[in-house]
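Notes to accompany the following structure.
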Amino acid sequence: NGIVLAAGNRVLSLGNDGKQKWSWTAGGTVGFVAADKSGAVFATYSNKLVKLSANGKMLWEKSTFDKAYALDIMEGGIFVGWEYGLMKFDADGTMLWEYYRPEDC
């Protein structure tokens, strides 16, 4: 029913008509956004991953240890890539696992 996008330190939700539905302001420049089938929105900024409701209210915030370089929602979880590895979170914000790339690779 629309699109979500990042603009500076804001996440915006626009309807199919191009009109803004809601806006959420992060504590830094937003790097990545993704929406799931329920309309929940995930966004990264600084060293944080947040989940926003379909109405733009923050539901939770988790640390990503460092700046996120990738964000994707796939079956089974939310994946965040960072400089030294990959983390998988569930929809409730629990980190399910972390792959830490050995520094000698």
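The values are calculated or read from the model by the stated rules, or taken from the named source; none is laboratory data. Bear in mind that the values here come from a model prediction, so they are computed numbers and not experimental data. Positions of Cβ are generated from backbone atoms using ideal geometry, with glycine treated the same way; all protein chains shown enter the neighbour counts. Just so you know, the surface numbers come from the protein's heavy atoms only, side chains and all, with ligands and any DNA or RNA stripped out. Shrake-Rupley method; radii C 1.70, N 1.55, O 1.52, S 1.80 Å.
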Subject >> Candidate set: the stretch 35-58, residues that are open to solvent by less than 20 Å² (accessible area, probe 1.4 Å) and not β-branched (Val, Ile, Thr); chosen: the one farthest from Met87 (Cα to Cα) >> reply: Gly56
**OP:** Output the qualifying pairs, or none if there are none: Cβ atoms under 8 angstrom, residues six or more apart or on different chains, first residue in the stretch 1-21 and within 16 Å of Met58 (Cβ to Cβ) and at pLDDT 95 or above, second residue of a type in the set (D, E, K, R) and in a strand (DSSP E or B).
**Re:** Ser13/Lys21
Original post:
Which of the residues spanning the stretch 61-105 are without any contact (Cβ under 8 Å) to a residue 12 or more places away in the chain, in a loop (DSSP other than H, G, I, E, B) and either of a type in the set (A, V, I, L, M, F, W, C) or surrounded by 11 or more Cβ atoms within 10 Å (Cβ to Cβ) (or both)?
Top reply: Thr94, Cys105
Subject >> Selection within the stretch 52-105 - under 16 Å from Val33 (Cβ atoms) and either in contact with a helix residue (DSSP H, G or I) (Cβ under 8 Å, 6 or more places away or on another chain) or of a type in the set (D, E, K, R) (or both) >> reply: Lys57, Glu61, Lys62, Lys67, Asp72
Original post:
In the stretch 9-25, is there at least one residue being within 11 Å of the chain's Cα centre (by Cα) and either closer than 21 Å to Lys88 by Cβ or open to solvent by 30 Å² or more (accessible area, probe 1.4 Å) (or both)?
Top reply: no
**OP:** Return a yes/no flag: does the stretch 43-55 have any residue that is closer than 17 Å to Gly93 by Cα, of a type in the set (Lys, Arg), without any contact (Cβ under 8 Å) to a residue 40 or more places away in the chain and not in a strand (DSSP E or B).
**Re:** no
Original post:
(1) more than 12 Å from the chain's Cα centre (by Cα); (2) within 24 Å of Asn1 (Cα to Cα); (3) among the hydroxyl-bearing types (Ser, Thr, Tyr): which one isn't true of Thr94, the others all being true?
Top reply: (2)
